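I have placed the structure first, in the form of structure tokens, so that the comments after it can refer back to it.
The values are calculated or read from the model by the stated rules, or taken from the named source; none is laboratory data. What you see is a predicted model; the values in this text were computed from it and never measured. Virtual Cβ from ideal backbone geometry, glycine too; neighbours counted across all protein chains shown. For accessibility, only protein heavy atoms count, side chains too; no ligands or nucleic acids. Shrake-Rupley method; radii C 1.70, N 1.55, O 1.52, S 1.80 Å.
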Amino acid sequence: MAVILDNPVRSYPWGSPTVIPELLGVEPTGEPQAELWIGAHPGSPSTVAGDGRTLDRYIADDPGYTLGSHTVKRFGLVLPYLLKVLAVEQPLSIQAHPTIEQAKQGYAAEEVSGIPLDSPERSYRDRNHKPEMVVALTDFDALVGFRDPEDTARALRATGKDELRRAAELVVADNGLRELVRMWLALPEPQIAPFVEAVTDAAATEAVRREHEALDVVAGLAETYPGDRGLLLALMLRRISLGPGEAAFVGAGVPHAYLGGTAVEIQASSDNTLRAGLTSKHVDTLEVDRILRYEASGHSPTQDDTMLIPPIRQAGPGEHVYHQDALDEFRLCRLDMDAGEIHPSGAGPRIVLVTDGFASLRTGPAGAARDGRSEDTTGPMLELRRGQAAFVPAGEWLMSVSGTGTAFSVTPNM
């Protein structure tokens, strides 16, 4: 049957001290609370309420029932996705995530080097890729993918600095985007500092910021990360703003940084993050260069890997599917429960998270369902309040969700 989960919170300096506690209905600790993890990743697995087992252990004890044969055949004995709530009060690092092949190579290399799995110097903590999608719960700002190089060049010329004018000419040349990023990643601190100072000085001029959004982004980030080489990379990234319910997908190798707001994030179950700047954490510039995809968003035949995703109404009133066909790991739906009883689509192991209001779940064995009628369920009613999540094994059929407000449902995309 479906079970309620107790979910761990990760604290990072960029997190909000109030958003996640308010979502969970608990008193703030005063510390920044950045991510609520809901899943079975061994780094911070959820726990089955009243049972004591972590979700990864719960799954391992009966994978046929919890995951189902199709999921086991495709992904092995693991839950293939990880659901999070992000509470971004300060900008995150500029980062990118590897493909599965790159992750396997990077993990093996760090194992051979003897870097402990929990070391701050570790870049690869598992062998999986980490494609991800964010769905905004509030207004949500981010940098995703590279800007049009011509736009970057105009901003660099506007600084009036000779060294940045030369960078402007390079970025619009053939392979120039790659060459400039590589140069700015590789230069030692004494040589990169003048470039950072020149960009920061130009961004401090209000008239220049009004004319060039790229420099306006730099001005805001410089308040939190003065002197950081990541400011140069931020100048080159495309800014997007999501309203509540809007989504963006980030594929492998796409540089990105989340700037502010609250969002639900769904990703493949991985904790592999390669950072390029705007952080006090480990920055592995050589590995970032190895995995980055040097193409401007919206100017490439592969632009689908960096895109805004509209929800698609599907499978009855109240269910909105955020469609991403390229991946098997996850399929995310938003459930607007005020529309009435919902019979969510999708199959396999499911997590349901309530982000507003409350939900009542009715489940039963898959064989008991006939014609989608909720009266065929044999399991008990499960009540979820705001901030709570439930795991529904593949051996159960999520017959109905009712209540008020909003919930999110995720299954494998198979």
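Points worth noting:
- Under-5 Å amide H pairs with Phe146, H placed in peptide plane, nonlocal only: Arg238, Glu295, Ser297
- The range 144-220: C-alpha gyration tensor shape, a/c 1.5 cut-off, then a/b vs b/c: oblate
- Arg331 long-range amide H proximity, modeled H, under 5 Å: Thr411, Asn413
- Rounded to the nearest 10 degrees, the angle from helix 189-203 to the longest Cα principal axis of the chain is 80 degrees.
- Per residue solvent-accessible surface (Å²) - the range 16-100, probe of 1.4 Å: 41 Å²
- The range 178-229 shape via C-alpha gyration tensor axes, a/c threshold 1.5: prolate
- Nonlocal amide H pairs with Gly364, under 5 Å, H built at 1.01 Å: Thr378, Gly379, Trp397, Met399
- Close Lys pairs in the chain, defined as Cα atoms under 27 Å apart and 8 or more places apart or on different chains, number 9.
- By average C-beta atoms within 10 angstrom, highest first, the peptides 151-157, 347-353, 322-328: 347-353, 151-157, 322-328
- Sulfur and carbon atoms: percent of accessible area, the chain [1.4 Å]: 50 percent
- Every Cα-Cα pair of the range 1-67 was included, and the share exceeding 17 Å stands at 47 percent.
- Peptides 110-122, 85-97, 383-395, 19-31 ranked from most to least packed, by the mean per-residue count of other Cβ atoms within 10 Å: 85-97, 383-395, 19-31, 110-122.
- Helix 176-186 axis, angle to the chain major axis (alpha carbon atoms, nearest 10°): 90 degrees
- Across the chain, C-alpha contacts under 8 Å between residues 6 or more apart give a mean separation that, scaled by the residue count, equals a relative contact order of 21 percent.
- Residue separation of Arg385 and Lys104 scaled by 0.36 nm, minus their Cα-Cα distance, works out to 97.2 nm of gained length.
- Basic side chains Lys and Arg get +1 at the Cβ, acidic Asp and Glu get -1 at the Cβ, and with that the dipole of the chain about its Cα centre reaches some 520 debye.
- Calculated FRET efficiency for the pair Arg53/Leu286, C-beta based, R₀ 41 Å, to 0.05: 0.55
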